[in-house]
Structure formats: C-alpha cells, structure tokens
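What follows is a short report on a single structure.
The values are calculated or read from the model by the stated rules, or taken from the named source; none is laboratory data. Not measured: the values here are computed from a predicted model. Reconstructed Cβ throughout: ideal geometry from the backbone, glycine too, with neighbour counts over all protein chains shown. Protein only, heavy atoms only, side chains kept; ligands, DNA and RNA dropped before computing areas. Shrake-Rupley method; radii C 1.70, N 1.55, O 1.52, S 1.80 Å.
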Amino acid sequence: MNTLNIRGDRRKLITGAGAIGAGAIALLALDACGSDGGKGAAAQTPTAPALDTLESADEIWQVLLDGNQRWADGDSVHPHTDAEWRESLVEGQSPRAAVFSCVDSRVSPELVFDTGVGDLMVTRTAGNVFDPLVSESVSYGPAALESPLLVVLGHQRCGAVTAAHEALLAEEEGAEPEEHHYALPETVEALRAAYEASKGESGDPVDAMVKANVLLTVQALSEHPNLAELVADGELTVVGGVYSLETGVVTEIA
Ligand SMILES: [Zn+2]
C-alpha cells in the first residue's frame, strides 16, 4: 500500500496547525503539560491544537482519557467541530488514534472521548468482533495513517455479548436457545473464545465476557499481520478499555 502521500499530508497538517480554529481551546491545559512536542511558543497560543500534534501513544491515550472524564462529568467541549477545522482537513487526515468498538448507539467513541472530526478512525461492529475484512479497516489508521494508538473498547451490558452468552450457555447446557427476532450466528461464533475465557470469573458473566473479549481482541490485533511489526517496533500501542453506561467512564483493562 502506498502511504507516502498520506504521510506527507500529516506533516502538512502539523505545519499548518497554527491556522486551526478555536475548537481546541479547551485542550490547552494539555499543552501546558509539555505535550506540545517541542513546538514552543506556537503551542502556547489559544489556537494550538493538542491531540493532533501528539506522536506518543501514552500522551494520546491520556488526552482521550481526559476527554472521557469531561464527557463523564458532563463537561464536554466538543473540540475540532468548527468549520475552520473541518476545512483544514480537506487535503488530508491524520487521526491520532484508531478505535474499535461496538455499534451500540450509547457508545459513540467521538463523544465518549470528547473529540472531533479527524481525531479518531473508528471501526464499529456488534460486540466489537472482527474477521479478516473488519481487521483491514481496524488496521487502516495505524498501518496507513501512522496512528500510534489503537483502542479496543467494549462496554457494559453489551447486547451482542449478552446474546452470545445466552446462546453459548444454552448450547453448553443442551437447551433450546431462546428465539430472537434478530439472529447473530456469526457474532456468537466470533465471541465463543471470550465465552470460554471468561468461564469461572466472578461477578456478572456478561461483564466478564465483555472484558475477556476486549483482552482477546487486543492480543489478536497486536499479532495481526498488518500491525505486528508496528507493535514490535514500538510505533503502535494497543490498549483495551471498557465503557460504563452508568458512569460514562472508560476504564483501561489489562
Ligand atoms: Zn455492544
């Protein structure tokens, strides 16, 4: 895959960062923490962006967690949603993180991490399960656009995981699975490993299965042919998190 043009766009975007609008103002405090990548005085101006200049996965993850805290507190600032910022992305994109999450309408990554357009490359499937086709989309950000961070995000009370748990438990007990008006046989199969891995865990079995699914997915994507070398070279960090519907907080799991 020829990524040279895309990478060139990234440099252009960073160089042109001074023209970025007021959408990132509320992220200024992060620049004050030394995350400006040595860009000096320009980063101190009220228009300096934060997330889009970061190269370190740790710093990017921290910005996302800070954004999530704002979301959980009801203090979202919706950065990078103004027209000026949108126009600055016409020639190219440089999402700083890829997020692989569930289709659940309550768990929109851009909102949950209080980010805007161009910040995250998001792939979503029911139960955040993947196959070869989906994994190409998940790996596109890190492999083609040099996103240094990939977040696998599961969530509390996931409907897909709940359905899979129900079906696999019924299969194990030799019971007739409950009839549903909407069947997810491929998704159930894709979640079988998480079901097996979470057996015997204490607490809510679906929550345990959600967690197991995130951890297995982090491992599998870290070893994916498109990503393994990036991970080995330290150019990509893959983290797992679980989102609480009750609190709005994403908790990193390992
Ligand atoms: Zn879900």
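The residues of region 85-194 have, on average, 45 Å² of accessible surface per residue, using a 1.4 Å probe with all protein chains present.
Remark: spin-label model distance Glu166-Ser202 equals 2.8 nm, labels positioned 7 Å along the Cα→Cβ axis. With all protein chains in place and a 1.4 Å probe, the accessible surface of region 57-186 carries 51 percent carbon and sulfur. Using the Cβ-Cβ distance between Ala183 and Ala254 with R0 set to 35 Å, the FRET efficiency works out to roughly 0.55. For Thr53, Thr81, the ranking by accessible surface with the largest value first comes to Thr81, Thr53, using a 1.4 Å probe.
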